[in-house]
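Below: one structure, written as structure tokens.
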Amino acid sequence: MNDKKITLLAIDDAEENLEALAAAVQEALPGAVFHSASDGESGLKLARAKDPDVILLDIKMPRVDGFETCRRLKAEARLRDIPVIFMTSAKPNGAICKEAFEAGGDAFLTKPLELRELAVQARAMMKIRTASLNQREENGRLQRMVDQRTRELELQLAALRQSEEQLRQAQKLEIAGALAGGIAHDFNNMLSAILTYSDLLVKALPEGDPRRADAEEIRHTGLRGAALTRQLLAFSRKQVLQPRVLDVGAVIDGMRGMLTTLLGENVRLATVAPGGAALVKADQGYLEQVIMNLCVNARDAMPGGGKLTLEASVLRMDTEYRHRHGTLLPGDYVMLAVTDNGCGMSPAVQSRIFEPFFTTKHRDKGTGLGLSTVYGIVRQSGGSMVVYSEEGRGSVFKIFFPLAADNAPSALTPPARQYAAASGTVLVVDDDGQVKTLASRTLAEDGLAVLEASSAEEALIICERRKEPIDLLLTDMVLPGMTGIELSDRLKPLFPGLRVIYMSGYTDQTVLADGMLAPEKFFLQKPFTLDLLTQKTREALSQPPR
């Protein structure tokens with residue numbers, strides 16, 4: 001850069017000093033442009049107007065001294081990059097140097113100015129500070145800002161796309177679930193009648209009667225229909241759960257013998273146990289169904305045999321994790337993983353695996369409800385599912401349940417026992433006439449005195465007029481105008497020893513929050529058989545009131 005392109009601004013309150021500076025600049029830097037001001041305010045205005053390359057600034061000036069003038073220069077974005085050289089009559093001491101540099105000064109010149117030093121300082125300030133360092137630093141800063149913002153936008157766009165995909169999947173499954181739940185609800189009461197009447201026929205016909213075999217076939221078909229409706233309700237998250245604290249590792253150990261038989265000789269079962277208790281709050285029966293369904297799915301993916309691994313572990317998520325079917329928030333979880341080395345799945349298949357009735361198997365190999373049932377149970381239990389799969393390499397289904405804080409009971413659910421016949425009075429309340437009539441008939445044949453009501457209102461009237469005790473209330477959970485739970489709460493003060501069995505083939509948010517029923521409550525899932533109704537009633541009457 002040529003010297004004549006250098007523009008200098010001198011600020012000094014002594015006129016003679018400014019004149020000397022003008023002469024010195026012309027001699028030391030021929031062709032340079034020189035501007036001068038006699039005080040700090042004037043110097044600031046001139047700096048804004050002329051945009052000098054270097055400012056020569058006297059320290060001692062009236063009203064606004066050199067330090068304050070420098071601070072004001074550096075406070076303005078347009079001026080802060082202009083180098084400032086302080087001028088002093090004596091060699092500056094430590095205190096002056098400290099204040100000068102804190103104010104933003106860059107160098108010192110001692111009066112009277114030495115021409116060579118003036119030229120060297122001016123050239124150095126202009127080249128190093130203005131033309132090079134500041135410009136590159138500014139460009140670098142701007143580039144870093146652009147890069148950072150670009151990365152942020154890319155992450156936001158990726159998160160938005162993932163959220164949109166999650167929403168589409170959730171809406172699709174929600175619609176399918178609502179349809180499946182409605183269908184299952186309508187079928188449950190009809191299936192109850194089919195199962196009950198077929199049971200009555202079987203009991204009425206002697207062994208060897210060909211009509212008995214027909215009745216048994218009707219019963220078996222009804223049971224298959226009941227299993228199908230239970231799967232639909234599980235997918236739609238409409239079934240009633242009775243959760244309690246379970247150790248997932250203990251549940252897996254308890255199922256090992258059954259799973260080994262189910263998988264067959266060609267599939268080797270391996271289990272990986274957690275270091276300690278892996279506690280979750282879940283319904284044991286439905287948790288076992290989840291494990292069994294996933295194991296059957298893995299077995300079918302390995303027609304030539306292979307290895308299936310069941311793993312339970314406790315882990316902590318420190319950051320939010322988004323996946324196709326939901327989001328895992330930070331916290332402590334129990335992970336249940338089912339891994340196989342079978343045929344795997346394509347991305348197209350993975351996107352539909354939880355849809356009801358979707359299957360890649362032959363029609364005679366399954367209904368396409370296994371994984372959708374798993375999905376519904378896991379979601380209703382407060383869990384989340386993550387699936388990894390590659391064609392030809394196998395699949396991993398990972399289920400994350402919130403870690404339970406309570407201690408698990410010492411033993412899992414004991415096997416069902418048979419109860420002896422009991423006596424007493426039972427009130428049957430159901431708005432479905434067939435279910436009410438068949439339940440009343442079955443209980444009467446088992447030796448119980450039976451009262452019937454088609455609504456909660458009718459049940460209240462019967463109980464308010466009755467002077468004798470009622471031992472058991474058998475009530476549907478969804479009644480017109482009042483829930484079964486509300487009805488039992490109204491009746492217990494009238495009959496302190498009242499036991500209650502809740503019946504339902506369907507639940508919604510108006511009856512139970514998230515479909516959860518306390519594990520100590522007696523519950524009968526519709527549709528049910530005569531034997532199941534009889535045993536559940538006997539069990540309730542053999543226990544103290546709850």
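A compact table of results
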| quantity | calculated |
| --- | --- |
| Filter result for residue 352 (surrounded by 20 or more Cβ atoms within 10 Å (Cβ to Cβ) and of a type in the set (Lys, Arg)) | no |
| Residue selected from the range 533-542 under the condition aliphatic (A, V, I, L, M) and out of contact with any helix residue (DSSP H, G or I) (no Cβ under 9 Å at 6 or more places or on another chain), by the criterion surrounded by the most Cβ atoms within 10 Å (Cβ to Cβ) | 540 |
| Residue list for the range 298-313, restricted to those being out of contact with any Leu (no Cβ under 6 Å at 6 or more places or on another chain) and surrounded by 16 or more Cβ atoms within 10 Å (Cβ to Cβ) | 300, 301, 302, 306, 309, 310, 311, 313 |
| Condition met for residue 154 (closer than 23 Å to residue 31 by Cα and not basic (Lys, Arg)) | no |
| Selected residue [hydroxyl-bearing (Ser, Thr, Tyr) and more than 22 Å from residue 28 (Cα to Cα)] from 42, 89 | 42 |
| Members of the range 240-266 that are under 13 Å from residue 277 (Cβ atoms) and either small (Gly, Ala, Ser) or in a loop (DSSP other than H, G, I, E, B) (or both) | 249, 250 |
| Verdict on residue 109 being part of a strand (DSSP E or B), of a type outside the set (Phe, Trp, Tyr) and in the same structural domain as residue 34 (by TED's automatic domain parsing) | yes |
| Meets criteria (crowded, with 21+ Cβ neighbours inside 10 Å and of a type outside the set (Phe, Trp, Tyr)) for residue 77 | no |
| Boolean, residue 49 is part of a loop (DSSP other than H, G, I, E, B), surrounded by fewer than 12 Cβ atoms within 10 Å (Cβ to Cβ) and either among the hydrophobic types (A, V, I, L, M, F, W, C) or outside the structural domain of residue 108 (by TED's automatic domain parsing) (or both) | no |
| Lone unmet requirement of (1) under 17 Å from residue 381 (Cα atoms); (2) assigned to a loop (DSSP other than H, G, I, E, B) for residue 302 | (1) |
| Selection from the range 265-275 of residues that are at pLDDT below 85, in contact with a strand residue (DSSP E or B) (Cβ under 7 Å, 6 or more places away or on another chain) and either within 14 Å of residue 254 (Cα to Cα) or small (Gly, Ala, Ser) (or both) | 273 |
| Filtered residues of the range 350-405 (kept if of a type outside the set (Phe, Trp, Tyr), modelled with pLDDT of 75 or more, part of a helix (DSSP H, G or I) and out of contact with any Pro (no Cβ under 8 Å at 6 or more places or on another chain)) | 350, 371, 373, 374, 376, 377, 378, 379, 380 |
| Filtered residue count, the range 57-71, keeping only those that are crowded, with 24+ Cβ neighbours inside 10 Å and assigned to a loop (DSSP other than H, G, I, E, B) | 0 |
| Residue satisfying condition, being free of Cβ contacts under 8 Å to residues at least 24 places away in the same chain, part of a helix (DSSP H, G or I) and farther than 15 Å from residue 14 by Cβ, within set 74, 91, 98 | 98 |
| Residues being out of contact with any strand residue (DSSP E or B) (no Cβ under 6 Å at 6 or more places or on another chain) and either part of a helix (DSSP H, G or I) or touching a residue at least 60 places away in the same chain (Cβ under 8 Å) (or both) - total across the range 33-46 | 5 |
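The values are calculated or read from the model by the stated rules, or taken from the named source; none is laboratory data. The model shown is predicted, which means the values in this text are computed figures rather than measured ones. Note that each Cβ is placed from the backbone with ideal geometry, even for glycine, and that neighbours are counted across all protein chains shown.
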